[in-house]
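The values are calculated or read from the model by the stated rules, or taken from the named source; none is laboratory data. Being a predicted model, the structure only gives us computed values, none of them experimental. Note that each Cβ is placed from the backbone with ideal geometry, even for glycine, and that neighbours are counted across all protein chains shown. Side chains are part of the model used for accessible areas, which takes the heavy atoms of the whole protein and leaves out ligands, DNA and RNA. Shrake-Rupley method; radii C 1.70, N 1.55, O 1.52, S 1.80 Å.
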Amino acid sequence: MADTATALKTYNDIPVLDWDLQNPEASSYDLFKEIRAQTPLVRVPMGMGSMVLALRARMVDQIVSPENTRQLETELKMMQGIFDGPILDFVAQVMLFANGDVHQRRRQPVARTFAFKLMEAMRPKAAAVAAEIIDDHLGKGPVDFLKDFAAQMPARIIADILGIPRVDLPVFMRWISDTAEAIGFVDLSRRADIEQSLTEFNAYVDQLLADRRSNPRGDFLSDYVAATAASGNLTEQEIRAQVVGLILAGSDTTRNSMCMTLSQLLHHPDQWEALCADPDGLKKKASEEGLRYEPVVSGIPRVTTRELEIEGFLIPPGAITMVSILSVLRDPEVYADPETFNIHRTDQQRWHLAFGAGAHRCAGEALARVELEETLAAIARLAPNTRVVGAAPRLNPGAIRTVDQMQVEFA
Ligand code: HEM
C-alpha cells in the first residue's frame, strides 16, 4: 500500500505569498487567477504569523464544517488590543462570532422570526423606498449614490422591520454608520466614538425590546421577543446583540454590493438595456451576478480544530484558514468564463457563495436579495438613462470591502 502520509505535503509546503491584505493588490482578481492555477492554497502574512487562504470552491464545505474548524470568537478583537468595553461585549454576544450550541441558541430565534416569508413581504416596501429616493433626485443632476441611496435602503428597510419611527431615522442611521466597524476591523483611533455610539444604540434597542414585551404588535420584534422568551436560554445582552448584529451585518454589505452591481451594469450597456427591457425577469440574475463578480465579504475565516488534510496538504490544528470568497466566486471549475460579468449566465450556484456556507451562512440573505433586486428593478424601470458621474466606484480591501465613492445622475 502506498504510504499516503509521506505523499502529503505539510503546512510549511504551502506557498507563501508576501501579501498585505489591507493593500488594494490583495483584491486583484488577476493575481488570484494566476495563483489559483498553480496551487489550491496559499499562506499570507497575518500579524506575527500567517493565514492559509483556500482558493477553490470545492474546498468550501470542508473548511466551514464544524467537524474541522471553528469560527473565530473574540480573538480577532483581542489581536487588535481590544480586551473589554462595548465593542468586545458585542462581539462576545453576537451569533456571528460564536460556535456550537451557543451559536445555535443565538441564531434559532432569529432564524424562526426573520424568515423568508417576512422578507418577501418587504418587497413592495423596498420597491417603494427605492422609487421614493429616485423620485427625489430624478433629473436633478449628480447625486451621492453611496450616501443618499445605497446607505438609505438597508437602513430604512430594517428600521421598518423593527418598527422604528421615521423621526428617529437620522439618529438610527448615524448609529449604523458610526458602529458598523464593530463587526470587522476597527480603526483604533475611532474606538472611543464607536463605543459611545454603540452604548447609545444598545440602549435604544433595549427600549424597543421592552416596548414589544409590554405591547406586542405582531411584528418581527414582537415575535422575536416571544421566541427568545419561549427558548428561555438567552441572556438580555444576547437578545439585544442579535438585533444590533442584524442591523450592522445588513448595512455595509448591502450598501456596497448595491453600488458595485449598479456600476457593473451601467458599464455593460447591453446588459443594462436587457434589464431595463425586463426588470422583473432579470433582477434576480443581475443581482446574483453582481454578488459573484464583486463580492463584498472577502472571506470566511475559521480556525482548524484538528489536523486537516486539504488538497494534499496537512494543516495542523489551530491554523487560521480562510475561504477566499473573492477567489472561489471566480473558480473556473464552477463558472464558465469567470472573469466576465454576465447577468445571463446559467451557472450561478443555488447556495450563492457570496453569502457564505455552513452553519454561519448569512441570516439576512433573503432580505439582502429583496433589497438588491428591488433597487435594480426600480432604477431600470424609473430611470433607465441613469449614468455614473466621474470615476467608477472601487472597493477598498478588507474583511468587508467598502466602496470609496459613487456619484450617479438619475435620468
Ligand atoms: C449583499 C449583502 C450581504 C452579504 C454579501 C452577506 C454575506 C454574509 C456572509 C458571507 C456571512 C457569513 C460569514 C461567516 O461565515 O464568517 C454572513 C453572515 C451573516 N449575515 Fe450577511 N450578508 C449580506 C447581507 C445581510 C443582511 C441584509 C443581514 C441582516 C439584515 C445579514 C445578517 C447576517 C448575520 C446575522 C450573519 C451571521 C450568521 C451566523 O453567524 O449564523 N447579512 N453574511
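Odds and ends about this structure:
- Residues of the stretch 294-340 that are of a type in the set (A, V, I, L, M, F, W, C), within 14 Å of the ligand (Cβ to nearest atom) and under 18 Å from ARG36 (Cα atoms): ILE300, MET322, VAL323, ILE325, LEU326, VAL328, LEU329.
- When ALA227, ALA249 are checked against the criterion of being surrounded by fewer than 21 Cβ atoms within 10 Å (Cβ to Cβ) and within 20 Å of ALA98 (Cβ to Cβ), ALA227 stands alone in meeting it.
- The residues on offer are GLY358, GLY364, and the sole one that is surrounded by fewer than 20 Cβ atoms within 10 Å (Cβ to Cβ), modelled with pLDDT of 95 or more and in contact with a Ser or Thr (Cβ under 9 Å, 6 or more places away or on another chain) is GLY358.
- Residue ID - nearest to the ligand (Cβ to nearest atom), chosen from residues in the stretch 199-224 that are within 17 Å of ALA363 (Cα to Cα) and open to solvent by less than 30 Å² (accessible area, probe 1.4 Å): PHE220
- Against the test of being more than 13 Å from the ligand (Cβ to nearest atom), buried (at least 18 other Cβ atoms within 10 Å of the Cβ) and outside any helix (DSSP H, G or I), the options ILE87, ILE82, ILE133 yield a single qualifying residue, ILE82.
- Within the set ALA155, ALA111, the sole residue that is in contact (Cβ under 8 Å) with a residue 40 or more places away in the chain, in a helix (DSSP H, G or I) and surrounded by 17 or more Cβ atoms within 10 Å (Cβ to Cβ) turns out to be ALA155.
- In the stretch 90-108, the qualifying residues are those that are more than 15 Å from SER231 (Cβ to Cβ) and not in a loop (DSSP other than H, G, I, E, B), and the one that is nearest to the ligand (Cβ to nearest atom) is LEU96.
- Unmet criterion (only one of (1) under 16 Å from the mean Cα position of the chain (by Cα); (2) open to solvent by less than 10 Å² (accessible area, probe 1.4 Å); (3) not aliphatic (A, V, I, L, M)) for TRP351: (2)
- Candidate set from the stretch 282-311 (those that are in contact with a strand residue (DSSP E or B) (Cβ under 7 Å, 6 or more places away or on another chain) and open to solvent by 50 Å² or more (accessible area, probe 1.4 Å)); member that is nearest to ALA392 (Cα to Cα): GLU311
- Residue in the stretch 267-281 that is surrounded by fewer than 17 Cβ atoms within 10 Å (Cβ to Cβ), closer than 26 Å to SER65 by Cα and not β-branched (Val, Ile, Thr) present: no
- Of the residues examined, GLU120 is not one that is more than 12 Å from the ligand (Cβ to nearest atom) and either touching a Phe, Trp or Tyr at 6+ places or on another chain (Cβ under 8 Å) or modelled with pLDDT of 95 or more (or both).
- Any hit, the stretch 50-58, residues being of a type outside the set (Ser, Thr, Tyr), at pLDDT 95 or above, open to solvent by 60 Å² or more (accessible area, probe 1.4 Å) and touching an Asp or Glu at 6+ places or on another chain (Cβ under 8 Å): yes
- Those residues of the stretch 59-75 which are touching a Phe, Trp or Tyr at 6+ places or on another chain (Cβ under 8 Å) and open to solvent by less than 60 Å² (accessible area, probe 1.4 Å), in sequence order: GLN71, LEU72, THR74
- Pairs linking a residue in the stretch 160-189 that is in contact (Cβ under 8 Å) with a residue 60 or more places away in the chain and outside any helix (DSSP H, G or I) to a residue that is among the hydrophobic types (A, V, I, L, M, F, W, C) and open to solvent by 20 Å² or more (accessible area, probe 1.4 Å), with Cβ atoms under 7 Å and 6 or more positions apart or on different chains, are GLY184/ALA399; GLY184/ILE400; PHE185/ALA399.
- All strands (runs of 3 or more DSSP E) inside the stretch 298-411 with 3 or more residues being within 30 Å of ARG70 (Cα to Cα): 299-304, 308-310, 313-315, 320-324
- Answer residue from the stretch 341-361, given it is polar (S, T, N, Q) and within 20 Å of ALA274 (Cβ to Cβ) and is farthest from the ligand (Cβ to nearest atom) among those: THR346
- Given (1) closer than 30 Å to THR386 by Cα; (2) surrounded by fewer than 20 Cβ atoms within 10 Å (Cβ to Cβ); (3) in contact with a helix residue (DSSP H, G or I) (Cβ under 7 Å, 6 or more places away or on another chain), number of the condition MET260 does not satisfy: (2)
- Criterion: small (Gly, Ala, Ser), without any contact (Cβ under 8 Å) to a residue 60 or more places away in the chain and under 24 Å from ARG302 (Cβ atoms) - qualifying residue of GLY356, GLY398, GLY318: GLY318
- Scan of the stretch 136-152 for residues that are open to solvent by 50 Å² or more (accessible area, probe 1.4 Å) and part of a loop (DSSP other than H, G, I, E, B), ordered by number: LEU138, GLY139, LYS140, PRO142
- If the condition is being of a type outside the set (D, E, K, R) and within 13 Å of the ligand (Cβ to nearest atom), then the stretch 264-293 contributes SER287, GLY290, LEU291, TYR293.
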